[in-house]
Amino acid sequence: MYNFVRKTKDTISEAWVKFVLMLIFLLPLVILASLLNKSWMVIQTSGIGDLLFSSVWRPMAGQFGFKPFIISSVYVTVLGLIITAPVCLLSAIYLTYYGSKRMTAFMQPIIDILAGIPSVIYGVWGVLIIVPFTGRFLAPLFGYESTGFSILSGGLVLAVMLIPFILNILIEIFRTVPHEQMEASLSLGASKWESIKHVAVRRSLPGIVSAFALGLSRAFGETIAVLMVVGNVVGIPRSPFDTGYPLPALIANNYGEMLSIPMFDSALMFAALVLLMVVVCFNLMSRYVIIFMEKRQ
């Protein structure tokens with residue numbers, strides 16, 4: 001009797017775990033199918049080629065060219081990651097290998113607080129500080145005229161938002177490097193920095209790539225903070241000081257009031273579909289790079 005009860009409990013537990021796992025697996029497929037269904041109207045009418053590569057955006061005339069929005073999204077995301085990457089990597093190295101335990105204990109709650117601040121607060125901060133700084137100082141410094149609402153402002157705000165997210169991951173990754181390997185490198189005559197560069201960073205390289213991949217995926221879909229500082233003007237940005245209009249901002253600005261227009265509603269769902277597919281493709285590519293690096297180590 002006892003064995004029967006135990007086997008029954010094990011069977012139920014295993015079935016429940018498999019059900020939850022299958023639910024997690026099916027969730028992105030359900031989201032993909034829903035977005036594809038909702039955007040099928042505009043895909044049939046305009047064609048994927050015109051939707052992705054046309055720059056003409058005239059919704060009332062049925063012309064939906066998403067090229068300016070896609071380029072703006074990529075521009076802001078890549079710029080934010082370029083600014084964030086060296087700050088996070090060097091900060092993680094310092095806190096893990098150079099900083100005292102007291103400093104690490106002091107910085108950890110600060111990083112957690114930054115990670116927990118709502119994105120709209122970052123957006124307000126960007127409007128009050130980053131936008132005037134960009135318009136009055138950075139743009140004239142490089143010979144541009146700008147109101148401050150620009151791709152660069154969006155990238156700077158996005159970079160600040162990504163720092164606590166990526167930094168926390170990098171710190172945990174560097175902590176997984178065995179102390180024995182660092183001590184072996186030091187005992188062979190390498191300096192501390194050489195040991196960090198050739199042992200810690202090299203061993204952690206797949207994790208570092210994964211951290212930045214997750215950060216890029218999150219940055220690509222960031223909405224409110226970027227929306228508030230990027231300008232939201234339809235057009236292909238030619239420089240970081242030009243205004244932009246990322247895909248998430250397009251959806252957030254128009255979705256509520258455009259539900260009554262079926263074609264516009266379908267176009268916005270197509271924008272969400274593009275966002276999803278870009279994130280999925282980038283994650284798959286980064287996963288391949290991580291697997292390739294792990295095999296070479």
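The values are calculated or read from the model by the stated rules, or taken from the named source; none is laboratory data. Treat the numbers as computed from the prediction; the structure is a model and nothing was measured. Every residue, glycine among them, receives a Cβ derived from its backbone with ideal geometry; neighbour counts consider all protein chains shown.
Figures for the structure shown
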quantity: Unmet criterion (only one of (1) in contact with a helix residue (DSSP H, G or I) (Cβ under 8 Å, 6 or more places away or on another chain); (2) at pLDDT below 85) for residue 101; calculated: (1)
quantity: Inter-residue pairs, beta-carbon under 6 Å, first of a type in the set (A, V, I, L, M) and in region 27-40, second part of a helix (DSSP H, G or I) and surrounded by 13 or more Cβ atoms within 10 Å (Cβ to Cβ), 6+ apart; calculated: 35/269; 35/272; 35/273
quantity: Lone unmet requirement of (1) assigned to a loop (DSSP other than H, G, I, E, B); (2) closer than 20 Å to residue 82 by Cα; (3) not β-branched (Val, Ile, Thr) for residue 143; calculated: (2)
quantity: From the options 151, 113, 117, residue that is farther than 16 Å from residue 217 by Cα and in contact with a strand residue (DSSP E or B) (Cβ under 6 Å, 6 or more places away or on another chain); calculated: 151
quantity: Test: residue in region 117-124 that is surrounded by 11 or more Cβ atoms within 10 Å (Cβ to Cβ), out of contact with any Cys (no Cβ under 9 Å at 6 or more places or on another chain), among the hydrophobic types (A, V, I, L, M, F, W, C) and outside any helix (DSSP H, G or I); calculated: yes
quantity: Residue match in region 44-58 (condition: free of Cβ contacts under 8 Å to residues at least 60 places away in the same chain, under 16 Å from residue 276 (Cα atoms) and outside the structural domain of residue 278 (by TED's automatic domain parsing)); calculated: yes
quantity: Yes/no for residue 117 being of a type outside the set (D, E, K, R) and over 16 Å from the mean Cα position of the chain (by Cα); calculated: yes
quantity: Hey, residue 94 out of contact with any Leu (no Cβ under 9 Å at 6 or more places or on another chain) and crowded, with 18+ Cβ neighbours inside 10 Å or not; calculated: no
quantity: Qualifying positions in region 192-251 - basic (Lys, Arg), over 15 Å from the mean Cα position of the chain (by Cα) and surrounded by fewer than 17 Cβ atoms within 10 Å (Cβ to Cβ); calculated: 192, 197, 202, 238
